[in-house]
Amino acid sequence: MIGVYDSGQGGKSVLKELVALMPQEDYIYYADTAHCPYGPRSPQYIIDRACAITEFLMDKGCEMIVVACNTATAAAISYLREHYPIPFIGMEPALKPAALSSKTGVVGVLATSGTFKGRLYLNTLARFSEEVKVIQRVGEGLVETVEAGILDGEQVEKLIHDCIDPMLAEGADHIVLGCTHYPFLQPVIERIAGPSVTVINPAPAVARQAKRVLEGIKKMEPSTRKGSIEYFNS
Ligand code: DGL
């Protein structure tokens, strides 16, 4: 059984890729809706929630957990890996593929404030900031919009303009979606950004990494899978 969790519904953009790649597996998706959004919360708060959710998912029989949340990955994944005996897959800030393929030398990253403060992101930024100019924006209001199921329309367009117009003005040719809620808004982001901008969703790469790790575990376990998904909310 594979556990997948997020502060809310955003992680379903990762679940979708996992199911596309490994449809025969059994999944439990946990949305921590009662504590969403994570973006502005302290790392300790997010670690406490990560432990509670990990214990819930392990009690349900999960043998691997995908932290389908960039903010939770930034705050808690090292702690989880040190304290629990199962593999954890986290979200990667996809700055590297954006930086490597940018022609204008300018890339935009949209994420929560918690993700921007994370060590993983800061290390990646330090590695690539000499080669490309990185324009960061917190996606203010976007998580709330997706949680409310509002995925298009005037209100969404305004929020997205506020976030990406400064990136476009600087000539960004890649925009990285550094929060798992944002792929739900990808069609609007692409429409506003136009065809010369590539929008990068790291979820397919994370699903491929989960598959590699799972193949390692499976060598030991006989298969009793049925291809199911169960959903829980806090
Ligand atoms: N979906 C999350 C992420 O990838 C969390 C957003 C939030 O709860 O603020 O960062």
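None of the figures in this text is laboratory data; all of them are computed from the coordinates on show. Since we're looking at a predicted model, the values are computed, not measured. Cβ: placed from backbone, ideal geometry, glycine included. Neighbour counts: every protein chain shown.
Brief remarks on what is shown
- Positive dipole terminus of the range 1-47, leading residue within Val19, Ser42, Ser7 (C-beta point charges): Ser42
- Summing Cβ point charges (Lys, Arg +1; Asp, Glu -1) relative to the Cα centre of the range 129-202 gives a dipole of roughly 80 debye.
- Assigned charges on the beta-carbon of Lys, Arg, Asp, Glu; the range 93-234 dipole about Cα centre (debye): 940
- Ala20 sits among other residues whose Cβ lies under 14 Å from its own Cβ, and their net charge, with Lys and Arg +1 and Asp and Glu -1, is +2.
- Under 5 Å from the amide H of Gln136 lie the amide H atoms of Val109, each residue being 5 or more positions distant or on a separate chain, with H modelled from the backbone and absent for Pro and chain starts.
- Helix 12-21 vs. the chain, principal-axis angle (Cα, 0 to 90°, nearest 10): 60
- The range 125-131 - phi-based ³J(HN,Hα) in whole Hz, Karplus 6.51/-1.76/1.60, Gly and Pro as x: 4, 4, 5, 10, 6, 7, 8
- Sequence-distant residues sharing a close amide H with Tyr27 (under 5 Å, placed H): Ile2, Ser228, Ile229, Glu230
- Between the amide H of Ile89 and those of Ile65, Val66, Val67, distances stay under 5 Å, these residues lying 5 or more places away or on another chain, with hydrogens modeled in the peptide plane.
- 3J(HN,Hα) couplings calculated from phi for the range 167-181 with the Karplus curve 6.51 cos²θ - 1.76 cosθ + 1.60 (θ = phi - 60°) are, in sequence order, 5, 5, 4, 7, x, 4, 10, 9, 10, 8, 8, x, 8, 6, 6 Hz; Gly and Pro show x.
- Karplus-derived HN-Hα couplings along the range 87-94 (A = 6.51, B = -1.76, C = 1.60, θ = phi - 60°), whole Hz, x at Gly and Pro: x, 10, 10, x, 7, 9, x, 6
- Debye-sum result for the range 123-175 in log10 I(q)/I(0), which assumes one identical scatterer on each alpha carbon, at q = 0.22, 0.24, 0.29 Å⁻¹: -0.86, -0.93, -1.11
- For Gly61, the shell of other residues with beta-carbons less than 11 Å away shows a net charge of -3, using +1 for Lys and Arg and -1 for Asp and Glu.
- C-alpha long axis of helix 43-59 to longest principal axis of the chain, angle in °: 40
- Reachable lysines from Lys16, criterion Cα separation under 25 angstrom, eight or more residues apart if same chain: Lys60, Lys96, Lys211, Lys218, Lys219, Lys226
- Electrostatic dipole magnitude of the range 1-136 [Cβ: Lys, Arg +1; Asp, Glu -1; Cα centre; debye, to 20]: 560
- Compared with the dominant Cα axis of the chain, that is its longest principal axis, helix 70-83 is turned about 30°.
- Proximal charge balance of Asp32 [Cβ under 12 Å; K/R count +1, D/E count -1]: -1
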